[in-house]
1. Quick one: which of Thr91, Thr95 is open to solvent by 40 Å² or more (accessible area, probe 1.4 Å) and within 24 Å of Cys138 (Cα to Cα)?
2. In the list Met21, Met13, which residue meets the criterion of being at pLDDT below 90, in a helix (DSSP H, G or I) and under 11 Å from Val157 (Cβ atoms)?
3. Read through the list (1) over 20 Å from Val60 (Cα atoms); (2) at pLDDT 90 or above; (3) of a type in the set (A, V, I, L, M), then give the number of the only condition that Ala149 fails.
4. Looking at the stretch 162-170, can you tell me whether even one residue there is at pLDDT below 85 and crowded, with 19+ Cβ neighbours inside 10 Å?
5. Looking at the stretch 67-85 only, could you name the residues that are in contact (Cβ under 8 Å) with a residue 40 or more places away in the chain and more than 19 Å from the chain's Cα centre (by Cα)?
6. Please work out if Arg41 is part of a helix (DSSP H, G or I), within 22 Å of Leu115 (Cβ to Cβ) and among the charged types (D, E, K, R).
7. Return a yes/no flag: does the stretch 107-119 have any residue that is closer than 17 Å to Ala163 by Cα, open to solvent by less than 30 Å² (accessible area, probe 1.4 Å) and among the β-branched types (Val, Ile, Thr).
8. Do any helices (runs of 4 or more DSSP H) entirely within the stretch 54-170 hold 2 or more residues that are of a type in the set (Phe, Trp, Tyr), and if so, which?
Amino acid sequence: MSAVRILNKTKLMFKKHPFLMNVASYGTMCVSAELAQQTVRIINKKQQSIDWSSVGRFAVVGTAGIAPVLFNFYKYLDYILPAATGRIVMTKVATDLLMCSPTTITIFFTGMGALEGKEDVFAELKAKFWSTYKLSCCFWLPAQAINFALLPPYTRVAFVGVASFIWVNVLCLVKRQEVSEPKAESSEVPEKVAKD
């Protein structure tokens, strides 16, 4: 089968089943990014084998958590701002960075924390939100400008999925950074204060 024919069939599937195709493509990119990260870790001898439970968590959070939010967000955004003029594109990009990015970062860290069985599912979000958000703005500003200016609406989430392969690799790196546990406050009175 020729590449053009495959491309045409894929385009038809995205038009016929946009939700399913966009969610599947985004979830696939999340899983692929985590597998790529783990493969690099195995090659660098930082890990022995693929951690399939981690891959599963990325699949669940990407497919069931983030992708449906993205699909509905972009569908609504294209409905209220249907044009692709310079001003509209910048409005869409700003809206995406101010509304969608914080939402998806929150879903990512809290969803992963919940699936990992962490006692405080918000701890990692609190520790990593602002640094991740700043990285997000640097990455997604040009990516979303391309998305909104050049691509048809039915491919929005798929494009974000492809760009997310890169972005989720960044998230994988951020996720692997250790979060220091907050130290419990001591009930002991410091020696200097006790003498006064």
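1. Of Thr91, Thr95, the one residue that is open to solvent by 40 Å² or more (accessible area, probe 1.4 Å) and within 24 Å of Cys138 (Cα to Cα) is Thr91.
2. Result: Met21 is the single residue among Met21, Met13 that is at pLDDT below 90, in a helix (DSSP H, G or I) and under 11 Å from Val157 (Cβ atoms).
3. (2)
4. Checked the stretch 162-170: at least one residue is at pLDDT below 85 and crowded, with 19+ Cβ neighbours inside 10 Å.
5. If the condition is that a residue be in contact (Cβ under 8 Å) with a residue 40 or more places away in the chain and more than 19 Å from the chain's Cα centre (by Cα), then Asp78, Ala84 are the ones that fit.
6. yes
7. no
8. Result: 67-80, 101-115, 123-150.
The values are calculated or read from the model by the stated rules, or taken from the named source; none is laboratory data. Treat the numbers as computed from the prediction; the structure is a model and nothing was measured. Using ideal geometry, Cβ is built from the backbone for each residue, glycine included, and neighbour counts are taken over all protein chains shown. All accessible areas refer to the heavy atoms of the entire protein, side chains included, with ligands and DNA or RNA removed. Shrake-Rupley method; radii C 1.70, N 1.55, O 1.52, S 1.80 Å.
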